[in-house]
């Protein structure tokens, strides 16, 4: 298990925090794995950190299929 720090824009951060958004679509440049933790750090419209953060765990990864661009993945996440 590894922990990754990821920037997350405000509207998406709120949706994950509320449990409305249960996935992340990302470039898979960090070789994400099931069981990894994502430290989501909220950024405002100016791109600066707001100071809020939230940790989720990756419980499923969809990757390497023709419908996704090369080196992208969709991760199912849940709050821990």
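Taken together, the values in this text are just the output of simple stated rules run on the coordinates, not laboratory data. A quick note: this is a predicted structure, and the numbers were derived from the prediction, not measured. In this analysis, Cβ positions are derived from the backbone assuming ideal geometry, glycine residues included, and neighbour counts consider all displayed protein chains.
Computed quantities for the displayed model
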item	result
Calculated Rg and Dmax of the chain using C-alpha coordinates, Å	12.4, 37
Sorted by Cβ neighbour density within 10 Å, fewest at the top, the residues 55, 16	55, 16
Nitroxide proxy distance, nm - points 7 Å out along Cα→Cβ at residue 41 and residue 76	2.9
Proxy reagent accessibility, fewest Cβ within 10 Å first, across 57, 67	67, 57
Sorted by Cβ neighbour density within 10 Å, fewest at the top, the residues 4, 31	31, 4
Full-stretch length increase - residue 68, residue 18 - with 0.36 nm per residue and alpha-carbon distance subtracted	15.3 nm
